[in-house]
């Protein structure tokens, strides 16, 4: 009570919400203090798990493209041998965690919220654990380009949970200079202790990894950020980097979500990364402790990413951290922790603030699995039914991004997605602080996830629709262009045919075709009609001729063939030739008539006098689009010819 | 499925409302001590009416009755209205005001969380406009009354409008200091002479200042419990002080001093219990400051120039209308965004 009066008085005096300063940290808004439950799993050292019966390695263990499988069922592989190689830039390789035989390549359930099966390589260990050829690199005396290229083969991804391929984070040079390397050792989520234990036991290796990363990035300084609930780890890290200059270990207050990269940077350096930029844009790169250790192991011993530290805690007999080979089935890990206690309902991967329910316990440990929590109704009671929002704004007070969760909730609930976007929905980091403090038990984060996915889906649909429209416009323009081209071709052919006509002086069709000789002057629909009639007459004539020819053809043809040399036959042949010319002429006339009709159709095809204004507007709009498309094509063609 | 976070740590709505009720208890005791036990009757009457009305409306609106009755929000509304009414208000006045607050101002707008106006203040304003005489006739504090009414006498008066034999209404009622100040000022009397009247105490109204002090105590408890944010009471009281200080500095003979304004009428009840209603108030820190400060200024202006002795209810209701505007234009800077 007294302290709160003091605080109230200080608030009155200072005019804003000030906490008594713990350190010289740069505070961010909100945050929450959930019970840590970290001591559950820190009493025992990191254990080593025996090689399990089989290893199921999902191809999708990282952010980016699925790697390309390089082995076949039946292949014998050595420990550390590449099973799948990175495909494209944003991808990571998969290696054999131990020696053995590939027994299956197919779909298995993977540890993902969707619970859907995905491609996995199943390995049957031979128990010998034989390493393949290892190629350590002297990182101090190797070109950076080579080191980054080599790292692409390592399969190392961000082990804090984000699983972003490490070679990209290190290779992101050229754009902007990285001056500071931040090592994220905050581990702010409750229950998770894998980084804590790693620092306590292997601080030397972590610091060596930091040196390598600092060298690769060309960063002048390196700062390790650890929450003040890990004093042992802090001491170990401080001891390990005592001899190094430009490396400092800073303790940040225990305040979830201080482990969020942007928030940790703000705590340590006071730098607020602009929402539309990355930390690298302001010269800061963040790595997790376990990741830098993996980098050290890779360069110094040639060991690719084949295992990680996993916390197994919650409703298990003896919570502990284990070094686990990737692909290890979860039941092996649970058994190592003494088995799940009664009332265990399911397992959670990650922490209780941002983790997710595993679809089944029959999944394998992947690069993203930092923690597995056995859940029970006692540990995580089902939330009571949600009450209406009373606008108490506790969520806004807790939001580390200073959003207005209560407003976003209304917008998401009423499908008012545009408004949600305006209120910076996409700055939400889904940390769960708002739900954590909500007196009405509203699952706020789930509303935001829903709104985000709806907006993304709508954006994608819009993009697809835009593309389809563009394509359709293009298609219409192409049809129009082809029509014109065809007409042009016909006209050219007609012109050349007329020249032939004049030469051979076939009189008959000339009189009738004279009317349509000058299509330029005849532009009315009347003329088109006349032309069509003329063409029809010509057609009829030609058909008649053909018919008569066909009527006496059986004899004629053979006679003509047999007696081609006789004058009589010559006359017949001539007649046939003339008939043929008549046919050609008729065809030309037909084409001319068609062309004329087409040309007129192009000029004035629509009876727009009798349509409504709306339809007329639509026609005009379509015409405008077509015209634009035509121009575009013309411009493009012009470009191409240049 | 991703349904994290799995853990929560929040008082439920019921707990929040319960703490508000708890914070009102010292004020109620002081009230009963100064004005007699009648307030207890009024509170019980209002509470029962509110719960029955709420239950009936929930039933009609086909909403779950039990969880919403258990959230205690109707009880808070009832208590606040009861404390705002004159201590010897007839029973039907209490019932009508509570019904209006719960049925129309709250449930017809969608129930808990959806009412744009403070329900208790809507109930109060409706009664004040409809029955101005009854609503401005306050009993004298027991220490000043010529005839002291006992608990049973008050009970009889509330339900039957019957006073003990030989007692006149004027013997038990008196003008409130705010009312008296207003009427006397209109007669161009000096404030210093007006406040010589027996109804004035050291700081505000005689006796009333004790109740006000008890409200302050409860309010500080709510701030300490983080049920209400400090922004609202601070800005409200600061604005009221500033306004009265300006006027007092200009003409102390004509305007009451700031302390009087702080300790009279419903100033502190409003600062800690009425403008702090989260549902009808703004949510952003800056919005809260503007909202409360404007309510403070309006309260002073209505007290000094308006037609009613106290301006709290109207000031709050007017400011409720500005809440969407305030919320929209006082969004805090988002992390990583420029101002």
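The values are calculated or read from the model by the stated rules, or taken from the named source; none is laboratory data. Small disclaimer: the values here were computed from a predicted structure and weren't measured. Methodologically, a virtual Cβ is constructed for each residue, glycine included, from the backbone with ideal geometry; neighbour enumeration extends over all protein chains shown.
Structure notes:
- Scope segment B:215-260; condition assigned to a loop (DSSP other than H, G, I, E, B) and either within 19 Å of the chain's Cα centre (by Cα) or within 11 Å of chain A (Cβ to nearest Cβ) (or both); matching residues: B:225, B:226, B:227, B:228, B:229, B:230
- Residues of segment B:28-54 satisfying the condition of being over 14 Å from residue B:78 (Cα atoms) and part of a helix (DSSP H, G or I): B:29, B:30, B:31, B:32, B:33, B:34, B:35, B:38
- Every test in (1) surrounded by 22 or more Cβ atoms within 10 Å (Cβ to Cβ); (2) more than 14 Å from chain A (Cβ to nearest Cβ); (3) under 21 Å from residue B:125 (Cα atoms) is passed by residue B:302 save one, and that test is (1).
- Condition check for residue A:402: more than 19 Å from residue B:7 (Cβ to Cβ), within 9 Å of chain B (Cβ to nearest Cβ) and at pLDDT below 95: yes
- Screening the candidates A:383, A:352, A:359 for the property of being closer than 30 Å to residue B:63 by Cβ, part of a loop (DSSP other than H, G, I, E, B) and within 14 Å of another protein chain (Cβ to nearest Cβ) yields one hit, A:383.
- Exactly one residue out of B:162, B:228, B:246 is at pLDDT 75 or above and buried (at least 18 other Cβ atoms within 10 Å of the Cβ): that is B:228.
- Counted as qualifying within segment A:192-309 are the helices (runs of 4 or more DSSP H) with 1 or more residues that are farther than 26 Å from residue A:80 by Cα and within 14 Å of chain B (Cβ to nearest Cβ), namely A:261-269.
- For the residues B:86, B:26, B:64, the requirement of being touching a strand residue (DSSP E or B) at 6+ places or on another chain (Cβ under 9 Å) and assigned by TED's automatic domain parsing to the domain that holds residue B:111 singles out B:86.
- Among residues that are assigned to a loop (DSSP other than H, G, I, E, B), crowded, with 19+ Cβ neighbours inside 10 Å, more than 7 Å from chain B (Cβ to nearest Cβ) and on the phi < 0 side of the Ramachandran plot, residue A:389 is not included.
- Flag if residue A:82 is touching a strand residue (DSSP E or B) at 6+ places or on another chain (Cβ under 7 Å), under 25 Å from residue B:2 (Cβ atoms) and surrounded by 17 or more Cβ atoms within 10 Å (Cβ to Cβ): no
- Going through (1) surrounded by fewer than 22 Cβ atoms within 10 Å (Cβ to Cβ); (2) in contact with a helix residue (DSSP H, G or I) (Cβ under 8 Å, 6 or more places away or on another chain); (3) within 14 Å of chain A (Cβ to nearest Cβ) one by one, residue B:328 falls short only on (2).
- Filtered residues of segment B:315-325 (kept if in contact (Cβ under 8 Å) with a residue 12 or more places away in the chain, surrounded by fewer than 22 Cβ atoms within 10 Å (Cβ to Cβ) and in a helix (DSSP H, G or I)): B:317, B:318, B:323
- Against the test of being at pLDDT 90 or above, crowded, with 22+ Cβ neighbours inside 10 Å and more than 8 Å from chain B (Cβ to nearest Cβ), the options A:420, A:461 yield a single qualifying residue, A:420.
- Taken together, the residues in segment B:70-98 that are in a helix (DSSP H, G or I) and either over 22 Å from the mean Cα position of the chain (by Cα) or farther than 16 Å from residue B:44 by Cα (or both) amount to 1.
Listed here are the residues, each with its yes/no results for (1) within 14 Å of another protein chain (Cβ to nearest Cβ); (2) surrounded by fewer than 20 Cβ atoms within 10 Å (Cβ to Cβ); (3) at pLDDT below 75.
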residue: B:91; (1), (2), (3): no, yes, no
residue: B:116; (1), (2), (3): yes, yes, no
residue: B:141; (1), (2), (3): no, no, no
residue: B:146; (1), (2), (3): no, yes, yes
residue: B:151; (1), (2), (3): no, yes, no
residue: B:172; (1), (2), (3): no, no, yes
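- Among the residues making up segment A:335-356, those that are crowded, with 18+ Cβ neighbours inside 10 Å and more than 22 Å from residue A:290 (Cα to Cα) are A:340, A:344, A:347.
- Scanning segment A:75-128 for residues that are more than 14 Å from every other protein chain (Cβ to nearest Cβ), assigned to a loop (DSSP other than H, G, I, E, B) and within 24 Å of the chain's Cα centre (by Cα) yields A:86, A:87, A:88, A:89, A:90, A:92, A:93, A:110.
- The set of residues in segment A:388-420 being under 28 Å from the mean Cα position of the chain (by Cα) and closer than 26 Å to residue B:58 by Cβ consists of A:409, A:412, A:413, A:414.
- Test: residue in segment B:271-289 that is in a helix (DSSP H, G or I), more than 14 Å from chain A (Cβ to nearest Cβ) and out of contact with any strand residue (DSSP E or B) (no Cβ under 6 Å at 6 or more places or on another chain): yes
- Screening residue A:176 on (1) at pLDDT below 90; (2) farther than 21 Å from residue A:212 by Cβ shows it passes everything except condition (2).
- Among the residues making up segment A:62-79, those that are surrounded by 20 or more Cβ atoms within 10 Å (Cβ to Cβ) and closer than 24 Å to residue A:167 by Cα are A:62, A:67, A:79.
- Tally of residues being more than 29 Å from the chain's Cα centre (by Cα) and in a helix (DSSP H, G or I) across segment A:310-338: 6
- Hey, residue B:258 without any contact (Cβ under 8 Å) to a residue 40 or more places away in the chain and crowded, with 19+ Cβ neighbours inside 10 Å or not: yes
- Residue pairs meeting the criteria (Cβ under 6 Å; at least 6 apart or on separate chains; first at positive phi, in segment A:320-348; second assigned to a loop (DSSP other than H, G, I, E, B) and exposed (fewer than 15 other Cβ atoms within 10 Å of the Cβ)): A:338/A:317; A:339/A:317
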